[in-house]
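Engineer: Quick one: structure below, then a few questions.
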Amino acid sequence: MTLDYTFERRLLLEREEAASGGHALGLEQGRTEGELKTLVKNVEAAMKNFHISLKEACEGLGTTVEEYEKAKNYAS
């Protein structure tokens, strides 16, 4: 009986650990996606509001056109 309890308890703990790890991974992915969407939004707002080129907007925000394009493709 003790062996069954230990085995059952271990399975439960492993499931909880897996769920916790998945939750943390999901939070990190969500955070990254949010940052990328914000970058795209800021670059596009700068281009529109200041009537500047993509390159100028990226430079003003401290990023590159390549980073913007990657973010736009990822966020889409």
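The values are calculated or read from the model by the stated rules, or taken from the named source; none is laboratory data. The structure presented is a predicted model; accordingly, all values stated were derived computationally and were not measured. Neighbour counts run over all protein chains shown; Cβ positions are idealised from the backbone, glycine included. SASA here: full protein model, heavy atoms, side chains in, ligands and nucleic acids out. Shrake-Rupley method; radii C 1.70, N 1.55, O 1.52, S 1.80 Å.
Engineer: Can you compute the modelled spin-label distance between Asn73 and Asn49, with each label point 7 Å from Cα toward Cβ, in nm?
Structural biologist: My value for the distance between the label points is 2.8 nm.
Engineer: Measure off, as a whole percent, the carbon and sulfur share of the 1.4 Å-probe accessible area of the chain, all protein chains present.
Structural biologist: Details: 3500 of 6140 Å².
About 57 percent, which is the carbon plus sulfur part of the accessible surface.
Engineer: Suppose we look only past 18 Å in the calculated P(r) of the chain. What percent of the Cα-Cα pairs does that tail hold?
Structural biologist: Result: 58 percent of Cα pairs exceed 18 Å.
Engineer: For the chain, with a Gaussian network of springs between Cα atoms less than 10 Å apart, report the residue from Leu39, Leu27, Leu11 with the top mean-square fluctuation.
Structural biologist: Comparing Leu39, Leu27, Leu11 in a Gaussian network model of the chain, the most mobile one is Leu11.
Engineer: Hey, what did the chain get for relative contact order, percent, Cα under 8 Å, at least 6 apart? Mind dumping the intermediate values first?
Structural biologist: Working: 32 pairs, mean separation 21.5, N = 76.
About 28 percent, as a whole number.
Engineer: Residue by residue, what Karplus-based ³J(HN,Hα) values in Hz, rounded to whole numbers, does region 20-33 have, using 6.51, -1.76 and 1.60 with θ = phi - 60° and x for Gly and Pro?
Structural biologist: 5, x, x, 5, 4, 5, x, 5, 5, 5, x, 5, 4, 4
Engineer: Rounded to the nearest 500 deg cm²/dmol, what is the calculated helix-only ellipticity per residue at 222 nm for the chain, with -39500 (n - 2.57) per DSSP H run of length n ≥ 4?
Structural biologist: Values: 3 runs with 67 residues, N = 76.
When only DSSP H runs of four or more count, the value is -31000 deg cm²/dmol.
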